[in-house]
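The following block contains the structure, expressed as structure tokens.
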Amino acid sequence: MKISVRFTAAVHTLVCILYFEKDNRVTSEFISGSTGVNAVIIRKILLQLQKAGLVETAAGVGGSHLAKPADAITLLDVYKAINEGEEEREVFNFHPNPNQLCPVGKNIHRLLDPALENAQKAMEAELAKTTIADLRGDLR
């Protein structure tokens, strides 16, 4: 199972903004220096976070700021922001063409979907328990 690196980079970005925004202009270049992720990718992540209402960005030298309190931003919010527009089953993707003439192929969705849906729900419930403020607090 693999979740895009954009998720952890987005979380890193938000914690970085929270940690540094009072004393620094937190630009994509600044965040890139902390994350080790190319600034172009960070800008794309910031756009996704902005679209989700999690950050505000000012073009040029303005930098980024949290758009809501850090204790109101959960890891689930970040996960949803980064995965918006992707297929409903985000963690598990099915092979596209199971053979409908095969007794396993024609039943695999019925057999496997409930377990995968439960795993997705469990992961999302766990992500909903942690906020960006929690992570910042653990940084000390």
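In whole percent, and with a 1.4 Å probe on the protein chains, what portion of the accessible area of the range 62-140 is carbon and sulfur?
The value for the range 62-140 is 53 percent carbon and sulfur by accessible area.
7 Å from Cα along Cα→Cβ at both R25 and N83: what's the point-to-point distance in nm?
Label at R25, label at N83, 3.6 nm between them.
Give the peptides 93-102, 111-120, 9-18, 74-83 in descending order of average Cβ contacts within 10 Å, highest first.
9-18, 74-83, 111-120, 93-102
Candidates (i) 36, 16, 11; (ii) 26, 15, 14; (iii) 29, 15, 13; which is the computed semi-axes √(5λ) of the Cα gyration tensor in Å?
(i)
Under a straight-distance cross-link criterion of Cα-Cα below 26 Å, which lysines are reachable from K121, leaving out those fewer than 8 residues away in the same chain?
Of all the lysines, those that pass the test against K121 - Cα under 26 Å, at least 8 places apart if same chain - are K2, K51, K68, K80, K106, K129.
Would you mind getting the accessible area per residue of the range 8-124, heavy atoms of the protein chains only, 1.4 Å probe, in Å²?
59
Using label points projected 7 Å from each Cα along Cα→Cβ, tell me how many nm separate D134 and N107, to one decimal.
Taking the simple label geometry, D134 and N107 are separated by 4.0 nm.
The values are calculated or read from the model by the stated rules, or taken from the named source; none is laboratory data. Predicted, not measured: the structure shown is a model, and the values here were computed from it. Ideal geometry is used to build each Cβ from the backbone, glycine not excepted, and the neighbour counts take in all protein chains shown. Accessible surface areas use protein heavy atoms only, side chains included; no ligands, DNA or RNA. Shrake-Rupley method; radii C 1.70, N 1.55, O 1.52, S 1.80 Å.
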